[in-house]
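Down below is the structure, laid out as C-alpha coordinates.
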Amino acid sequence: MSGFPEFIYRNNELCAESVPLKQIAAEFGTPCYVYSRSALTKAYQEFDAAFAGRDHLICYAVKANSNIAILNLFAQLGSGFDIVSGGELWRVMKAGGNPQKTVFSGVGKNTDEMRMALDANILCFNVESEAELSTLNQVAQTMQKIAPVSLRVNPDVDAKTHPYISTGLKENKFGMPINEAERIYLSTHRYPHIRFTGLDCHIGSQLTEIEPFMQASEKILNLLNNLKSQGLEIEHLDLGGGLGIRYTHETPPSIKDYVSALCARTGHIKQRLLIEPGRALVGNSGILLTQTEYLKHTPARNFAIVDAAMNDLMRPALYDAYHEILPVIKRNGDVQNYQIVGPVCETGDFLGHDRKLSLNSGDLLAVMSAGAYGMSMSSNYNTRPRAAEIMIDQDTIHVIRQRETIDQLTANERILP
Ligand SMILES: *Cc1c(COP(=O)(O)O)cnc(C)c1O
(Lines give C-alpha, C1' and ligand atoms only; values in the text may rest on other atoms or scores of the structure.)
Protein backbone atom coordinates (compact mmCIF):
# COMPACT_ATOMS: atom_id res chain seq x y z
CA MET A 1 0.00 0.00 0.00
CA SER A 2 1.23 3.51 -0.77
CA GLY A 3 -1.56 5.24 1.19
CA PHE A 4 -2.51 7.22 -1.94
CA PRO A 5 -5.48 5.50 -3.59
CA GLU A 6 -4.70 6.38 -7.22
CA PHE A 7 -0.96 5.76 -6.85
CA ILE A 8 -0.54 2.12 -5.92
CA TYR A 9 2.01 -0.64 -6.26
CA ARG A 10 1.35 -3.48 -8.67
CA ASN A 11 3.99 -6.21 -8.65
CA ASN A 12 6.25 -3.88 -6.66
CA GLU A 13 5.96 -1.14 -9.31
CA LEU A 14 4.33 2.14 -8.42
CA CYS A 15 1.57 3.08 -10.86
CA ALA A 16 -0.58 6.12 -11.54
CA GLU A 17 -4.02 4.59 -12.05
CA SER A 18 -3.19 1.75 -14.50
CA VAL A 19 0.07 3.16 -15.85
CA PRO A 20 3.46 2.22 -14.35
CA LEU A 21 5.43 5.37 -13.51
CA LYS A 22 8.48 3.66 -15.02
CA GLN A 23 6.77 3.81 -18.41
CA ILE A 24 6.02 7.53 -18.04
CA ALA A 25 9.64 8.26 -17.17
CA ALA A 26 10.84 6.25 -20.17
CA GLU A 27 8.51 8.03 -22.59
CA PHE A 28 8.57 11.59 -21.30
CA GLY A 29 11.68 11.91 -19.17
CA THR A 30 12.11 13.27 -15.68
CA PRO A 31 11.45 15.34 -13.69
CA CYS A 32 7.76 15.42 -14.48
CA TYR A 33 4.52 15.93 -12.62
CA VAL A 34 1.98 13.13 -12.93
CA TYR A 35 -1.68 13.68 -12.04
CA SER A 36 -4.60 11.29 -11.74
CA ARG A 37 -7.83 12.34 -13.41
CA SER A 38 -9.75 9.96 -11.20
CA ALA A 39 -8.30 11.42 -7.98
CA LEU A 40 -9.12 14.98 -9.09
CA THR A 41 -12.65 14.01 -10.03
CA LYS A 42 -13.29 12.10 -6.81
CA ALA A 43 -12.07 14.97 -4.66
CA TYR A 44 -14.36 17.44 -6.43
CA GLN A 45 -17.31 15.09 -6.21
CA GLU A 46 -16.73 14.51 -2.51
CA PHE A 47 -16.93 18.26 -1.88
CA ASP A 48 -19.98 18.64 -4.08
CA ALA A 49 -21.88 15.69 -2.63
CA ALA A 50 -21.25 16.81 0.95
CA PHE A 51 -23.27 19.99 0.39
CA ALA A 52 -26.28 17.75 -0.24
CA GLY A 53 -29.25 20.02 -1.01
CA ARG A 54 -27.57 23.21 0.18
CA ASP A 55 -27.24 26.09 -2.36
CA HIS A 56 -23.47 26.28 -2.88
CA LEU A 57 -20.60 27.01 -5.22
CA ILE A 58 -17.17 25.40 -5.04
CA CYS A 59 -14.59 27.92 -6.25
CA TYR A 60 -11.37 26.00 -6.92
CA ALA A 61 -8.39 28.11 -5.82
CA VAL A 62 -6.50 28.31 -9.11
CA LYS A 63 -3.14 29.16 -7.54
CA ALA A 64 -2.83 25.64 -6.11
CA ASN A 65 -2.40 24.25 -9.64
CA SER A 66 -3.31 26.36 -12.64
CA ASN A 67 -2.72 23.99 -15.55
CA ILE A 68 -5.57 24.62 -18.00
CA ALA A 69 -6.31 20.89 -18.33
CA ILE A 70 -7.00 20.76 -14.59
CA LEU A 71 -9.11 23.95 -14.72
CA ASN A 72 -11.03 22.51 -17.66
CA LEU A 73 -11.65 19.25 -15.79
CA PHE A 74 -13.07 21.13 -12.79
CA ALA A 75 -15.10 23.45 -15.05
CA GLN A 76 -16.69 20.39 -16.67
CA LEU A 77 -17.59 19.09 -13.22
CA GLY A 78 -19.41 22.37 -12.54
CA SER A 79 -16.74 24.11 -10.48
CA GLY A 80 -16.31 27.83 -10.07
CA PHE A 81 -12.92 29.42 -9.46
CA ASP A 82 -11.08 31.60 -6.97
CA ILE A 83 -8.43 33.71 -8.72
CA VAL A 84 -5.76 36.05 -7.41
CA SER A 85 -4.59 37.76 -10.62
CA GLY A 86 -5.65 38.79 -14.10
CA GLY A 87 -3.42 36.03 -15.41
CA GLU A 88 -5.44 33.45 -13.51
CA LEU A 89 -8.68 34.91 -14.90
CA TRP A 90 -7.22 34.54 -18.37
CA ARG A 91 -6.39 30.89 -17.63
CA VAL A 92 -9.92 30.22 -16.33
CA MET A 93 -11.45 31.64 -19.49
CA LYS A 94 -8.97 29.84 -21.74
CA ALA A 95 -9.89 26.59 -19.96
CA GLY A 96 -13.60 27.12 -20.57
CA GLY A 97 -14.35 28.14 -16.99
CA ASN A 98 -17.27 30.42 -16.29
CA PRO A 99 -16.33 33.96 -15.14
CA GLN A 100 -19.78 34.23 -13.59
CA LYS A 101 -18.71 31.47 -11.21
CA THR A 102 -15.40 33.19 -10.46
CA VAL A 103 -14.40 35.21 -7.40
CA PHE A 104 -11.34 37.44 -7.36
CA SER A 105 -9.26 37.43 -4.13
CA GLY A 106 -5.96 39.07 -3.23
CA VAL A 107 -4.68 42.19 -1.46
CA GLY A 108 -3.18 43.97 -4.46
CA LYS A 109 -5.47 43.89 -7.50
CA ASN A 110 -4.40 46.58 -9.96
CA THR A 111 -6.73 48.64 -12.14
CA ASP A 112 -5.98 46.61 -15.29
CA GLU A 113 -6.99 43.45 -13.46
CA MET A 114 -10.14 45.13 -12.14
CA ARG A 115 -11.10 46.23 -15.67
CA MET A 116 -10.48 42.76 -17.06
CA ALA A 117 -12.63 41.17 -14.35
CA LEU A 118 -15.44 43.72 -14.75
CA ASP A 119 -15.38 43.13 -18.51
CA ALA A 120 -15.71 39.39 -17.91
CA ASN A 121 -18.61 39.94 -15.45
CA ILE A 122 -17.11 37.88 -12.65
CA LEU A 123 -19.30 36.79 -9.75
CA CYS A 124 -17.59 38.80 -7.03
CA PHE A 125 -14.53 40.79 -6.00
CA ASN A 126 -13.25 39.79 -2.57
CA VAL A 127 -12.01 43.21 -1.46
CA GLU A 128 -9.36 43.41 1.25
CA SER A 129 -9.09 47.13 2.09
CA GLU A 130 -11.03 50.38 1.88
CA ALA A 131 -8.39 51.81 -0.47
CA GLU A 132 -8.96 48.90 -2.85
CA LEU A 133 -12.73 49.38 -2.61
CA SER A 134 -12.40 53.03 -3.51
CA THR A 135 -10.22 52.23 -6.53
CA LEU A 136 -12.63 49.52 -7.68
CA ASN A 137 -15.52 51.98 -7.36
CA GLN A 138 -13.68 54.43 -9.63
CA VAL A 139 -12.76 51.79 -12.20
CA ALA A 140 -16.37 50.55 -12.29
CA GLN A 141 -17.57 54.13 -12.70
CA THR A 142 -15.38 54.71 -15.77
CA MET A 143 -16.82 51.49 -17.25
CA GLN A 144 -20.42 52.39 -16.31
CA LYS A 145 -20.64 49.18 -14.31
CA ILE A 146 -21.54 48.07 -10.82
CA ALA A 147 -18.93 45.85 -9.18
CA PRO A 148 -20.24 43.00 -7.01
CA VAL A 149 -18.20 42.88 -3.80
CA SER A 150 -17.56 40.82 -0.68
CA LEU A 151 -15.36 42.35 1.96
CA ARG A 152 -12.73 39.93 3.19
CA VAL A 153 -12.90 39.92 6.93
CA ASN A 154 -9.91 38.96 9.01
CA PRO A 155 -11.61 37.13 11.89
CA ASP A 156 -8.44 37.03 14.02
CA VAL A 157 -8.48 33.29 14.70
CA ASP A 158 -5.47 31.04 14.99
CA ALA A 159 -5.51 28.54 12.12
CA LYS A 160 -2.79 26.50 13.89
CA THR A 161 -0.84 26.01 10.72
CA HIS A 162 2.60 27.05 9.43
CA PRO A 163 3.08 30.82 10.03
CA TYR A 164 3.79 31.43 6.30
CA ILE A 165 0.38 30.02 5.35
CA SER A 166 -1.66 31.48 8.18
CA THR A 167 -3.75 34.41 6.96
CA GLY A 168 -6.49 35.03 9.52
CA LEU A 169 -4.59 36.60 12.41
CA LYS A 170 -4.82 40.32 12.97
CA GLU A 171 -1.09 40.73 12.28
CA ASN A 172 -1.42 39.16 8.78
CA LYS A 173 -1.69 41.36 5.68
CA PHE A 174 -4.99 39.81 4.63
CA GLY A 175 -8.53 41.08 5.04
CA MET A 176 -9.84 43.76 7.39
CA PRO A 177 -10.99 43.77 11.02
CA ILE A 178 -14.67 42.91 11.50
CA ASN A 179 -15.67 46.29 12.95
CA GLU A 180 -14.04 48.09 10.04
CA ALA A 181 -15.82 45.80 7.56
CA GLU A 182 -19.13 46.55 9.26
CA ARG A 183 -18.55 50.30 9.00
CA ILE A 184 -17.69 50.01 5.28
CA TYR A 185 -20.66 47.73 4.49
CA LEU A 186 -22.92 50.37 5.98
CA SER A 187 -21.40 53.21 3.95
CA THR A 188 -22.72 52.03 0.58
CA HIS A 189 -23.79 55.59 -0.34
CA ARG A 190 -20.09 56.48 -0.65
CA TYR A 191 -19.54 53.82 -3.31
CA PRO A 192 -22.29 54.13 -5.93
CA HIS A 193 -20.55 51.68 -8.29
CA ILE A 194 -20.24 48.93 -5.71
CA ARG A 195 -22.90 46.42 -4.75
CA PHE A 196 -22.23 44.38 -1.61
CA THR A 197 -23.29 40.85 -2.48
CA GLY A 198 -21.21 38.71 -0.14
CA LEU A 199 -19.15 38.28 2.98
CA ASP A 200 -15.77 36.56 2.80
CA CYS A 201 -12.98 35.13 4.93
CA HIS A 202 -10.03 32.78 4.43
CA ILE A 203 -7.96 32.02 7.50
CA GLY A 204 -5.06 29.98 6.15
CA SER A 205 -3.95 26.82 4.44
CA GLN A 206 -3.28 23.21 5.44
CA LEU A 207 -5.64 23.37 8.44
CA THR A 208 -5.95 19.99 10.09
CA GLU A 209 -8.71 20.80 12.58
CA ILE A 210 -12.31 21.93 12.14
CA GLU A 211 -12.34 24.20 15.18
CA PRO A 212 -10.66 27.29 13.60
CA PHE A 213 -13.13 27.12 10.69
CA MET A 214 -15.97 27.08 13.23
CA GLN A 215 -14.54 30.07 15.11
CA ALA A 216 -14.24 32.04 11.87
CA SER A 217 -17.77 31.06 10.78
CA GLU A 218 -19.09 32.21 14.14
CA LYS A 219 -17.63 35.68 13.66
CA ILE A 220 -18.83 35.93 10.07
CA LEU A 221 -22.34 34.92 11.11
CA ASN A 222 -22.37 37.61 13.78
CA LEU A 223 -21.43 40.23 11.22
CA LEU A 224 -24.07 38.91 8.82
CA ASN A 225 -26.64 39.27 11.56
CA ASN A 226 -25.53 42.80 12.46
CA LEU A 227 -25.71 43.87 8.83
CA LYS A 228 -29.16 42.36 8.48
CA SER A 229 -30.46 44.19 11.53
CA GLN A 230 -29.20 47.40 9.95
CA GLY A 231 -30.98 46.70 6.69
CA LEU A 232 -28.20 45.23 4.53
CA GLU A 233 -29.07 41.86 2.99
CA ILE A 234 -26.07 39.82 1.85
CA GLU A 235 -26.54 37.10 -0.78
CA HIS A 236 -23.65 34.75 -0.17
CA LEU A 237 -21.15 33.68 2.45
CA ASP A 238 -17.66 32.77 1.23
CA LEU A 239 -15.88 30.69 3.87
CA GLY A 240 -12.59 30.45 1.97
CA GLY A 241 -10.35 27.44 1.48
CA GLY A 242 -7.69 25.93 3.66
CA LEU A 243 -8.68 22.34 4.35
CA GLY A 244 -5.48 20.36 4.90
CA ILE A 245 -4.41 17.07 3.39
CA ARG A 246 -2.38 14.16 4.68
CA TYR A 247 1.27 14.48 3.66
CA THR A 248 2.45 12.02 6.30
CA HIS A 249 0.97 11.64 9.79
CA GLU A 250 -1.50 14.56 9.70
CA THR A 251 -5.11 13.64 10.37
CA PRO A 252 -7.18 16.37 8.72
CA PRO A 253 -10.95 16.05 8.79
CA SER A 254 -12.38 14.37 5.71
CA ILE A 255 -13.82 16.60 2.99
CA LYS A 256 -17.25 15.32 3.92
CA ASP A 257 -16.86 16.08 7.64
CA TYR A 258 -15.47 19.54 6.93
CA VAL A 259 -18.27 20.51 4.52
CA SER A 260 -20.92 18.97 6.78
CA ALA A 261 -19.64 21.02 9.70
CA LEU A 262 -19.81 24.24 7.66
CA CYS A 263 -23.32 23.40 6.48
CA ALA A 264 -24.46 22.56 10.01
CA ARG A 265 -23.02 25.77 11.46
CA THR A 266 -24.80 27.84 8.79
CA GLY A 267 -27.94 25.71 8.68
CA HIS A 268 -30.17 28.48 10.06
CA ILE A 269 -29.42 31.00 7.29
CA LYS A 270 -30.59 30.98 3.69
CA GLN A 271 -27.51 32.51 2.04
CA ARG A 272 -25.66 30.62 -0.63
CA LEU A 273 -22.38 29.10 0.61
CA LEU A 274 -19.12 29.49 -1.31
CA ILE A 275 -15.87 27.74 -0.48
CA GLU A 276 -12.46 28.11 -2.10
CA PRO A 277 -10.58 24.82 -1.70
CA GLY A 278 -7.23 24.47 -3.46
CA ARG A 279 -4.92 21.95 -1.80
CA ALA A 280 -7.70 19.54 -0.77
CA LEU A 281 -8.80 19.21 -4.42
CA VAL A 282 -5.42 18.67 -6.06
CA GLY A 283 -2.74 17.96 -3.45
CA ASN A 284 -2.97 14.19 -3.28
CA SER A 285 -3.93 13.89 -6.96
CA GLY A 286 -0.39 14.48 -8.19
CA ILE A 287 3.20 13.36 -7.71
CA LEU A 288 6.59 14.56 -8.86
CA LEU A 289 8.53 11.83 -10.65
CA THR A 290 12.31 12.11 -10.47
CA GLN A 291 15.37 10.02 -11.22
CA THR A 292 18.38 9.48 -8.97
CA GLU A 293 21.48 10.85 -10.69
CA TYR A 294 24.21 10.12 -8.18
CA LEU A 295 24.66 8.62 -4.76
CA LYS A 296 27.23 10.49 -2.73
CA HIS A 297 28.47 9.10 0.56
CA THR A 298 30.32 11.59 2.73
CA PRO A 299 31.66 10.92 6.23
CA ALA A 300 28.68 12.81 7.67
CA ARG A 301 25.80 11.87 5.42
CA ASN A 302 24.48 9.94 2.43
CA PHE A 303 23.10 12.06 -0.37
CA ALA A 304 20.86 10.95 -3.19
CA ILE A 305 21.17 13.63 -5.84
CA VAL A 306 18.04 13.55 -7.98
CA ASP A 307 17.06 15.42 -11.14
CA ALA A 308 14.18 17.36 -9.52
CA ALA A 309 15.04 20.39 -7.40
CA MET A 310 13.66 23.27 -5.38
CA ASN A 311 12.79 25.09 -8.60
CA ASP A 312 10.42 22.21 -9.45
CA LEU A 313 8.98 21.76 -5.95
CA MET A 314 9.61 24.65 -3.64
CA ARG A 315 7.61 23.58 -0.60
CA PRO A 316 10.38 21.77 1.29
CA ALA A 317 12.78 24.72 0.86
CA LEU A 318 10.11 27.33 1.56
CA TYR A 319 8.20 25.82 4.48
CA ASP A 320 10.35 22.87 5.46
CA ALA A 321 7.37 20.90 4.17
CA TYR A 322 7.37 17.11 4.33
CA HIS A 323 6.56 15.05 1.23
CA GLU A 324 6.65 11.29 1.33
CA ILE A 325 9.21 9.89 -1.14
CA LEU A 326 8.56 6.40 -2.48
CA PRO A 327 10.66 4.14 -4.70
CA VAL A 328 9.02 3.58 -8.08
CA ILE A 329 10.39 0.03 -8.11
CA LYS A 330 10.54 -1.61 -4.70
CA ARG A 331 13.86 -3.37 -4.18
CA ASN A 332 15.08 -5.57 -1.35
CA GLY A 333 18.56 -4.12 -0.99
CA ASP A 334 20.48 -2.52 1.80
CA VAL A 335 18.48 0.36 3.32
CA GLN A 336 20.38 3.54 4.14
CA ASN A 337 19.52 6.94 5.50
CA TYR A 338 19.49 9.44 2.61
CA GLN A 339 19.24 13.18 2.16
CA ILE A 340 17.27 13.56 -1.07
CA VAL A 341 18.63 16.67 -2.75
CA GLY A 342 18.50 18.38 -6.15
CA PRO A 343 21.22 19.83 -8.40
CA VAL A 344 20.50 23.50 -7.53
CA CYS A 345 23.27 25.49 -5.88
CA GLU A 346 21.54 26.13 -2.54
CA THR A 347 21.81 24.23 0.72
CA GLY A 348 18.04 24.68 0.97
CA ASP A 349 17.64 22.61 -2.18
CA PHE A 350 16.29 19.41 -0.73
CA LEU A 351 13.17 17.32 -1.28
CA GLY A 352 13.47 15.21 1.86
CA HIS A 353 15.73 14.65 4.84
CA ASP A 354 16.62 11.33 6.47
CA ARG A 355 14.71 8.97 4.20
CA LYS A 356 15.30 5.27 4.67
CA LEU A 357 15.65 3.86 1.17
CA SER A 358 17.48 1.22 -0.75
CA LEU A 359 18.84 3.07 -3.78
CA ASN A 360 21.03 2.67 -6.83
CA SER A 361 21.86 5.51 -9.18
CA GLY A 362 19.29 5.61 -11.96
CA ASP A 363 16.45 4.62 -9.62
CA LEU A 364 13.18 6.48 -9.98
CA LEU A 365 11.51 8.12 -6.99
CA ALA A 366 8.00 9.51 -6.56
CA VAL A 367 7.60 12.61 -4.43
CA MET A 368 4.05 12.22 -3.18
CA SER A 369 1.30 14.80 -2.51
CA ALA A 370 2.81 17.20 -5.02
CA GLY A 371 -0.37 18.19 -6.88
CA ALA A 372 -0.85 21.45 -4.97
CA TYR A 373 1.63 24.33 -4.86
CA GLY A 374 4.11 22.22 -6.81
CA MET A 375 4.14 23.16 -10.49
CA SER A 376 2.36 26.45 -9.80
CA MET A 377 5.24 27.64 -7.58
CA SER A 378 7.99 26.36 -9.87
CA SER A 379 10.65 28.65 -11.32
CA ASN A 380 13.55 28.62 -13.74
CA TYR A 381 16.19 29.16 -11.06
CA ASN A 382 19.59 27.90 -12.23
CA THR A 383 18.17 28.17 -15.78
CA ARG A 384 16.35 24.91 -15.40
CA PRO A 385 13.49 24.38 -17.85
CA ARG A 386 10.25 23.63 -16.09
CA ALA A 387 9.07 20.03 -15.83
CA ALA A 388 6.50 18.39 -18.08
CA GLU A 389 3.03 17.67 -16.70
CA ILE A 390 1.21 14.44 -17.46
CA MET A 391 -2.40 13.49 -16.75
CA ILE A 392 -3.29 9.84 -16.42
CA ASP A 393 -6.82 8.76 -17.23
CA GLN A 394 -7.03 5.04 -16.42
CA ASP A 395 -4.60 3.54 -18.96
CA THR A 396 -4.27 6.66 -21.13
CA ILE A 397 -1.40 9.14 -20.86
CA HIS A 398 -2.01 12.79 -21.77
CA VAL A 399 0.76 15.38 -21.87
CA ILE A 400 -0.90 18.48 -20.42
CA ARG A 401 2.23 20.60 -20.48
CA GLN A 402 5.30 19.97 -22.60
CA ARG A 403 8.65 20.16 -20.92
CA GLU A 404 10.04 23.66 -21.36
CA THR A 405 13.00 24.10 -23.72
CA ILE A 406 16.13 26.12 -23.01
CA ASP A 407 15.32 28.29 -26.07
CA GLN A 408 12.08 29.34 -24.42
CA LEU A 409 13.95 30.43 -21.33
CA THR A 410 15.95 33.12 -23.13
CA ALA A 411 13.34 34.03 -25.76
CA ASN A 412 12.47 37.38 -24.13
CA GLU A 413 16.02 38.43 -23.36
CA ARG A 414 18.11 40.83 -25.46
CA ILE A 415 21.80 41.72 -25.39
CA LEU A 416 22.74 45.40 -25.64
CA PRO A 417 23.18 46.77 -29.19
C1 LIG B 1 -4.73 30.17 -1.29
C2 LIG B 1 -6.15 30.55 -1.08
C3 LIG B 1 -7.14 29.58 -1.07
C4 LIG B 1 -6.87 28.11 -1.17
O5 LIG B 1 -6.22 27.62 -0.05
P6 LIG B 1 -6.01 26.03 0.12
O7 LIG B 1 -5.32 25.91 1.42
O8 LIG B 1 -5.20 25.57 -1.01
O9 LIG B 1 -7.36 25.41 0.15
C10 LIG B 1 -8.46 30.00 -0.93
N11 LIG B 1 -8.77 31.31 -0.82
C12 LIG B 1 -7.82 32.28 -0.82
C13 LIG B 1 -8.23 33.69 -0.69
C14 LIG B 1 -6.49 31.94 -0.94
O15 LIG B 1 -5.56 32.90 -0.93
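Overview of values
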| quantity | calculated |
| --- | --- |
| Looking only at the stretch 36-68, and only at residues there that are open to solvent by 10 Å² or more (accessible area, probe 1.4 Å), under 17 Å from M377 (Cα atoms) and not charged (D, E, K, R), the one that is nearest to the ligand (Cβ to nearest atom) | S66 |
| The stretch 69-86, subset closer than 11 Å to S105 by Cα and of a type outside the set (A, V, I, L, M, F, W, C), residue most open to solvent (accessible area, probe 1.4 Å) | S85 |
| Members of the stretch 386-410 that are of a type in the set (D, E) and assigned to a strand (DSSP E or B) | E389, D393 |
| The stretch 230-253, subset closer than 19 Å to G53 by Cα and within 16 Å of the ligand (Cβ to nearest atom), residue surrounded by the most Cβ atoms within 10 Å (Cβ to Cβ) | D238 |
| Considering residues of the stretch 154-163 that are more than 12 Å from the ligand (Cβ to nearest atom) and not basic (K, R) only, the residue most open to solvent (accessible area, probe 1.4 Å) | P163 |
| Condition met for Q144 (assigned to a loop (DSSP other than H, G, I, E, B), over 25 Å from N67 (Cβ atoms), of a type outside the set (V, I, T) and more than 21 Å from the chain's Cα centre (by Cα)) | yes |
| So E171, is it free of Cβ contacts under 8 Å to residues at least 12 places away in the same chain and among the acidic types (D, E) | yes |
| A264 vs. criteria away from the ligand (no atom under 13 Å from the Cβ), among the small types (G, A, S) and either open to solvent by 60 Å² or more (accessible area, probe 1.4 Å) or in contact with a strand residue (DSSP E or B) (Cβ under 8 Å, 6 or more places away or on another chain) (or both) | yes |
| Single residue of the stretch 1-35 satisfying the filter (modelled with pLDDT under 95 and surrounded by 15 or more Cβ atoms within 10 Å (Cβ to Cβ)) that is nearest to E404 (Cα to Cα) | F4 |
| Residue within the stretch 73-86 that is closer than 19 Å to G198 by Cβ and in a helix (DSSP H, G or I) present | no |
| Failed criterion for L227 (all others in (1) modelled with pLDDT of 95 or more; (2) open to solvent by 10 Å² or more (accessible area, probe 1.4 Å); (3) in contact with a helix residue (DSSP H, G or I) (Cβ under 6 Å, 6 or more places away or on another chain) hold) | (2) |
| Those residues of the stretch 21-58 which are within 22 Å of A372 (Cα to Cα) and outside any helix (DSSP H, G or I), in sequence order | G29, T30, P31, C32, Y33, V34, Y35, S36, L57, I58 |
| Single residue of D119, D55, D82, D112 found to be in contact with a His (Cβ under 9 Å, 6 or more places away or on another chain) and either in the same structural domain as M143 (by TED's automatic domain parsing) or closer than 27 Å to I287 by Cα (or both) | D82 |
| Selection from the stretch 87-97 of residues that are surrounded by fewer than 23 Cβ atoms within 10 Å (Cβ to Cβ) and in a loop (DSSP other than H, G, I, E, B) | A95, G96 |
| Filter result (in contact with a His (Cβ under 8 Å, 6 or more places away or on another chain), in a strand (DSSP E or B) and small (G, A, S)) within the stretch 152-204 | G198 |
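The values are calculated or read from the model by the stated rules, or taken from the named source; none is laboratory data. All of these numbers come straight from a predicted model, not from anything done at the bench. All Cβ positions, even for glycine, are placed from backbone atoms using ideal geometry, and neighbour counts span all protein chains on display. SASA here: full protein model, heavy atoms, side chains in, ligands and nucleic acids out. Shrake-Rupley method; radii C 1.70, N 1.55, O 1.52, S 1.80 Å.
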